Amino acid sequence: MQTFRIVKPAPALAPYIRYYWILRDDALTPVSERTLPVGCMQLVFHKGRQLVSLQNSQLQPQSFICGQSFGFSDVMSTGMIEMITVVFQPYAAKTFLRIPLHLFFGQNISTDEVEDTELSDLSRRIVDTPDNDQCIRLIEDFFFHRLVSCSEYNLKRLSTVLSEINLHPQVSTLELSDVACLSSKQFGRIFADYIGTTPKEFLRIVRMQRALYTLQQDPTLPFAQVAYECGFSDQSHMIKEFKLFSGYTPAEYLSVCAPVSDYFSTL
């Protein structure tokens with residue numbers, strides 16, 4: 001039997017954390033899943049058996065930081081699943097991890113590898129705590145402790161930039177650097193440090209997520225209309241990006257699963 005639960009963060013953490021999700025699955029047969037880039041860094045705690053990446057046949061770490069990615073990945077269960085995942089706001093993970101986030105790009109980095117004693121201790125406590133609601137409280141205590149010494153300056157700047165991206169499908173990186181009141185070079189460096197990828201790559205992720213959200217609202221829309229509304233140059237451009245990010249053309253994607261945008265559905 002599988003259970004899936006989304007938990008909202010404490011109100012004071014909502015500017016930094018989108019939500020937590022808790023998954024349990026005691027299926028005896030392996031379960032596979034294809035994951036797409038969602039534009040948000042994640043912190044994952046495996047309390048059951050770890051998932052295996054089918055791309056490299058490697059087990060995910062017991063607890064790890066999931067960096068921004070560019071392309072799809074396939075994972076498979078190796079036994080009973082029990083996992084808790086923190087989904088950060090796109091600009092907020094650095095507040096708690098205190099490391100430039102571009103260092104995690106395309107990787108799942110074990111919490112033990114980041115040389116953060118408090119984070120490693122949290123990971124061990126999560127694994128050893130049976131009650132998942134108590135686990136969420138432990139995670140939030142860790143976050144509140146980290147908030148005491150964080151700087152809000154670049155967070156506010158990047159929050160404004162993210163609002164611009166979410167509202168305007170056609171926005172350019174040059175326009176975004178103007179919104180941030182930074183030179184293009186400064187903007188690119190700060191953006192990568194806080195969001196974990198370049199502005200150009202992030203815009204492509206959001207554009208794909210916007211297309212998923214548009215099709216989520218109405219799967220019967222003509223693809224040419226979706227491409228126009230979501231900021232693609234044309235329909236062939238959208239098809240190419242769909243293939244890169246999901247492994248499917250839009251038509252193939254709609255034939256195998258219902259479109260859901262993890263990015264726009266939780267705004």
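Odds and ends about this structure:
- Charged-residue dipole, Cβ positions (Lys, Arg, Asp, Glu), the chain about Cα centre, Debye nearest 20: 340 debye
- Extended-chain gain in nm, criterion 0.36 nm per residue less alpha-carbon gap, LEU147 and SER32: 37.8 nm
- Table column - 3J(HN,Hα) (Hz), the stretch 39-51, Karplus curve with 6.51, -1.76, 1.60, x for Gly and Pro: x, 10, 5, 9, 10, 10, 10, 8, 9, x, 6, 6, 7
- Calculated FRET efficiency, SER120 to GLN186, Cβ-Cβ distance, R0 = 35 Å: about 0.60 to the nearest 0.05.
- Under 5 Å, built H, 5+ apart or other chain: amide partners of TYR19: VAL87
- For the chain, the square roots of the Cα gyration tensor eigenvalues, ordered a ≥ b ≥ c, give a/c of at least 1.5 with a/b no greater than b/c, which places it in the oblate category.
- As a calculated quantity, the FRET efficiency between ASP128 and TYR19 at R0 = 22 Å, using C-beta atoms, amounts to about 0.40.
- Nitroxide proxy distance, nm - points 7 Å out along Cα→Cβ at SER265 and GLN217: 1.6 nm
- Dipole axis of the stretch 157-253 (+1 Lys, Arg; -1 Asp, Glu on Cβ), positive-most option in PRO169, LEU244, MET208: LEU244
- Label-to-label distance for SER236 and LYS200 is 2.1 nm, based on points extended 7 Å past Cα in the beta-carbon direction.
- The Cβ shell under 12 Å around ALA192 holds other residues with a net charge of +2, Lys and Arg each +1, Asp and Glu each -1.
- Within the straight-line cut-off of under 28 Å between alpha carbons, the lysines reachable from LYS156 are LYS8, LYS94, LYS185, LYS200, sequence neighbours fewer than 8 places apart in one chain being disregarded.
- Cβ-based net charge around LEU203, under 12 Å, with every Lys or Arg adding one and every Asp or Glu removing one: 0
- Amide hydrogen neighbours beyond the local backbone of GLN107, cut-off 5 Å, H modeled: GLY67
- Label-point separation in nm, GLN107 to ARG5, each point 7 Å along Cα→Cβ: 3.4 nm
Read-outs: derived from the displayed coordinates by stated rules, not from any lab. The model shown is predicted, which means the values in this text are computed figures rather than measured ones. Here the Cβ is made from the backbone with ideal geometry for all residues, glycine too, and neighbour counts use every protein chain on show.
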